[in-house]
Amino acid sequence: MFRISAIVLSLLATTASPSFAESWSFTGGNGDTVTLDAVPSRIIASQDAAAGLIPLGIRPVGVYADSAVAEAKALQGLDLTGIEILSETWGEVDIEKAAALQPDLIIAEYWPLESVWSGGADVNAALERIAPITGPEQGASILTLIEDYEDLAESLGADLSRSEVATAKAGFETSLAAFKTAIAAKPGLTALAVWAGADALYVAAVEASSELMDFANWGLHIIDPEIADDRGYWETLSWEVADKYQPDLIMVDNRSAATLQTAMAQPTWTLIKAAEAGQVTDWPAFWLRNYAAYASELDKLTAAIAAADADLTR
């Protein structure tokens with residue numbers, strides 16, 4: 001999957017930048033600064049980076065996705081016309097196709113808990129042979145991440161004064177105000193974020209998820225697991241003890257519809273009172289990268305909070 005021909009490498013090595021072009025630099029989430037002789041125009045992006053850049057007017061020539069594009073939550077609603085799809089599986093990339101695109105730059109995200117760029121170490125090692133990798137850090141807030149994409153997009157030539165950008169941001173601010181109002185009306189409500197597997201229920205650590213940190217900062221009381229035994233992201237609970245935590249509202253990782261179906265198939269799922277009461281909603285886990293998507297997901301969460309019994313577990 002990651003072999004690259006000598007012919008393609010030779011082609012890339014002999015493609016020179018115009019001597020008159022203005023230089024460009026960006027300091028990525030890993031702290032390293034990438035400097036190029038000219039503003040990059042041929043960009044390959046991870047699916048999350050594409051979701052952050054395309055709404056701002058920066059269209060990559062290629063995208064490598066973590067799953068089938070039709071199912072990738074980060075890419076939903078985005079126009080991918082003319083963009084080469086280089087992967088639809090996490091940890092893989094068609095490096096021959098990538099090299100043939102003659103990219104100036106690879107834009108990904110740096111994941112600090114694992115000290116790796118999007119796609120994993122093998123993908124990174126393959127891609128950095130054809131172009132430098134940079135991008136923002138998956139950090140303490142989706143809002144900060146969106147702002148980092150704005151800075152990056154502007155440096156690449158995006159016009160952030162376009163009406164589409166302003167409209168999306170205004171819509172998000174309206175949704176955020178409604179979210180905060182719903183939380184204020186249910187001061188005792190508690191929530192729990194989970195991913196369900198056939199082997200176990202995985203409870204999300206708040207500080208390992210940018211959107212959960214946003215929700216908590218905006219007033220939502222999210223139950224934090226006692227120990228995140230899975231790389232700092234999750235506490236792993238066998239289904240026999242799935243009711244260890246008793247929230248008023250369960251937020252289920254919605255990257256795949258199968259996750260909720262898996263949970264509902266477990267006999268012990270309804271030992272969690274919120275599951276038995278149907279107080280279950282979506283958690284947009286790890287994939288929000290633009291204002292429009294964030295607003296839509298906040299609206300769903302706001303409706304669930306407004307409808308929930310905040311005294312369910314008292």
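The values are calculated or read from the model by the stated rules, or taken from the named source; none is laboratory data. Owing to the predicted nature of the structure, the values given are computational and were not obtained by experimental measurement. We place every Cβ from the backbone using ideal geometry, glycine too, and count neighbours over all the protein chains shown.
What the table below lists for this structure:
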| quantity | calculated |
| --- | --- |
| Any pair with Cβ under 7 angstrom, 6 or more apart, that starts in segment 267-296 at a residue that is more than 19 Å from residue 57 (Cα to Cα) and among the charged types (D, E, K, R) and ends at one that is assigned to a loop (DSSP other than H, G, I, E, B) and modelled with pLDDT of 95 or more | 273/246; 282/254 |
| The lone exception for residue 153 - which of (1) assigned by TED's automatic domain parsing to the domain that holds residue 45; (2) among the small types (Gly, Ala, Ser); (3) in contact with a strand residue (DSSP E or B) (Cβ under 8 Å, 6 or more places away or on another chain) it fails | (3) |
| Unmet criterion (only one of (1) under 16 Å from the mean Cα position of the chain (by Cα); (2) of a type in the set (A, V, I, L, M); (3) under 22 Å from residue 226 (Cβ atoms)) for residue 108 | (3) |
| Pick from segment 51-67, criterion small (Gly, Ala, Ser) and closer than 17 Å to residue 285 by Cα, ranking: surrounded by the fewest Cβ atoms within 10 Å (Cβ to Cβ) | 67 |
| Lone qualifier among 279, 261 - being surrounded by fewer than 16 Cβ atoms within 10 Å (Cβ to Cβ) and either touching a strand residue (DSSP E or B) at 6+ places or on another chain (Cβ under 9 Å) or not hydroxyl-bearing (Ser, Thr, Tyr) (or both) | 261 |
| Every pair of residues 6+ apart whose Cβ atoms lie under 9 Å, when the first sits in segment 24-48 and is within 9 Å of residue 104 (Cβ to Cβ) while the second is basic (Lys, Arg) and surrounded by fewer than 21 Cβ atoms within 10 Å (Cβ to Cβ) | 43/59 |
| Residue check for residue 208: closer than 23 Å to residue 144 by Cα, in the same structural domain as residue 273 (by TED's automatic domain parsing) and surrounded by 16 or more Cβ atoms within 10 Å (Cβ to Cβ) | yes |
| Flag if residue 146 is crowded, with 21+ Cβ neighbours inside 10 Å and either out of contact with any strand residue (DSSP E or B) (no Cβ under 6 Å at 6 or more places or on another chain) or in a helix (DSSP H, G or I) (or both) | yes |
| Residue list for segment 89-103, restricted to those being among the small types (Gly, Ala, Ser) and either buried (at least 22 other Cβ atoms within 10 Å of the Cβ) or within 18 Å of the chain's Cα centre (by Cα) (or both) | 91, 98, 99 |
| Residue satisfying condition, being assigned by TED's automatic domain parsing to the domain that holds residue 120 and in a helix (DSSP H, G or I), within set 52, 77, 82 | 52 |
| Candidate set from segment 69-88 (those that are under 15 Å from the mean Cα position of the chain (by Cα) and either within 20 Å of residue 106 (Cα to Cα) or of a type in the set (D, E, K, R) (or both)); member that is surrounded by the fewest Cβ atoms within 10 Å (Cβ to Cβ) | 71 |
